[in-house]
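The values are calculated or read from the model by the stated rules, or taken from the named source; none is laboratory data. Here the structure is a predicted model, which means the values were calculated and not measured. Because the Cβ atoms are built from the backbone with ideal geometry, glycine has one as well, and the counts that use them run over all protein chains shown. Surface areas here come from the heavy atoms of the whole protein model, side chains and all, with no ligands, DNA or RNA. Shrake-Rupley method; radii C 1.70, N 1.55, O 1.52, S 1.80 Å.
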Amino acid sequence: MLFKLAWTHSPEGRDATIKRFMETGGMPPEGIVMHARYHNVDGRGGFAICETDDVSALHNWALDWTDLIEMRIDAIMDDDTIGKVLEARPEFT
């Protein structure tokens, strides 16, 4: 399943967040494939697109960071997947 992890941090938390990212690389644990990660130009956050069937791994990755940043995790679908879901709905065909 695909997930979007979006994060923000306060100006006060910026330096500690950057330091941890530089030390660890912010890579996901085993069981999660990170397809892409983007950082906002203003330096206050960003988002990553990840894939996993192990939500406990996703939760543990979030726990590694939520002491410094606010994180939102949303399940997402690509165009092919949502297309199949919508095709199954009679009101859309």
I'm told residue 24 meets every condition in (1) of a type in the set (S, T, N, Q); (2) farther than 24 Å from residue 77 by Cβ; (3) open to solvent by less than 50 Å² (accessible area, probe 1.4 Å) except one. Can you identify the failing condition by its number?
(3)
The stretch 8-64, residues that are without any contact (Cβ under 8 Å) to a residue 60 or more places away in the chain and of a type in the set (S, T, N, Q)
10, 17, 24, 40, 52, 56, 60
Just to be sure I understand the filter: pairs with C-beta atoms under 7 Å, separated by 6 or more residues or on different chains, first member in the stretch 70-93 and farther than 30 Å from residue 9 by Cβ, second member open to solvent by 80 Å² or more (accessible area, probe 1.4 Å) and hydroxyl-bearing (Ser, Thr, Tyr). Which pairs pass?
87/93
The residue that is most open to solvent (accessible area, probe 1.4 Å), considering only those in the stretch 35-70 that are farther than 15 Å from residue 21 by Cα and touching a Leu at 6+ places or on another chain (Cβ under 9 Å), is 35
